[in-house]
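The values are calculated or read from the model by the stated rules, or taken from the named source; none is laboratory data. Here the structure is a predicted model, which means the values were calculated and not measured. No Cβ is skipped: glycine too gets one built from the backbone with ideal geometry, and neighbour counts run over all protein chains shown. SASA here: full protein model, heavy atoms, side chains in, ligands and nucleic acids out. Shrake-Rupley method; radii C 1.70, N 1.55, O 1.52, S 1.80 Å.
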Amino acid sequence: YNRRYIIKRLNESEKRYQRNQSVFSIIICDIDLFKTVNDRYGHDCGDFALSSVAKLIYNCCRGQDVVARWGGEEFLILTPDSNKYGAQALAERIRKELESKTLQYGDISLKITMTFGVSEYSKCLGIEGTIRNADMALLHGKKHGSNQVVVF
């Protein structure tokens, strides 16, 4: 899905929270050193890597989770009925699965990792604040070694 779709789903989740306190969390994840893939192997290989990562993320998620491209090499995952610990567990599962894979593009073998930022929705933060927290967690993870899950 794209950014417009996920924003619509986030707003629906916020309304559901306001009605019955149905918890949800947000995960923002970013492919580590993705520019290197594009620069070294070209944009076709980069596109292959993006679509492969998207499929892997989708296959790790539950049926009610929503995965969307957030921008560039970033993805946002909406995890309904999941607190920050459940979302953290999902992000860690995705991280480990991706880390264990070698993507094959023709004769090019790619080892890809991702960094994840997790935040649980709260009424005082709202959607924008929750996204901002997940993004800050992601940036913290990037600054401190990448290939990790950080919860704010």
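Right, residue 105: open to solvent by 30 Å² or more (accessible area, probe 1.4 Å), of a type in the set (Phe, Trp, Tyr) and within 26 Å of residue 11 (Cα to Cα) or not? Here the answer is no, as residue 105 does not meet what is asked. Say we look at segment 113-143 and pick out the residues that are assigned to a loop (DSSP other than H, G, I, E, B) and either aromatic (Phe, Trp, Tyr) or under 19 Å from residue 23 (Cα atoms) (or both); which of these is most open to solvent (accessible area, probe 1.4 Å)? The qualifying residue most open to solvent (accessible area, probe 1.4 Å) is 123. A Cβ distance below 8 Å, combined with a sequence gap of six or more or placement on separate chains, defines the contacts here; from segment 79-94, residues that are closer than 16 Å to residue 131 by Cα reach residues that are aliphatic (A, V, I, L, M) and assigned to a helix (DSSP H, G or I) in the pairs 79/87; 79/90; 82/90. If you check residue 91 against the conditions, is it under 16 Å from residue 59 (Cα atoms), touching a Cys at 6+ places or on another chain (Cβ under 9 Å), of a type in the set (Gly, Ala, Ser) and open to solvent by less than 40 Å² (accessible area, probe 1.4 Å)? Considered against the rule, which asks whether it is under 16 Å from residue 59 (Cα atoms), touching a Cys at 6+ places or on another chain (Cβ under 9 Å), of a type in the set (Gly, Ala, Ser) and open to solvent by less than 40 Å² (accessible area, probe 1.4 Å), residue 91 comes out as yes. Quick check on this structure: which one of 72, 63 is open to solvent by 30 Å² or more (accessible area, probe 1.4 Å) and under 20 Å from residue 134 (Cα atoms)? Only one candidate passes the filter, namely 72.
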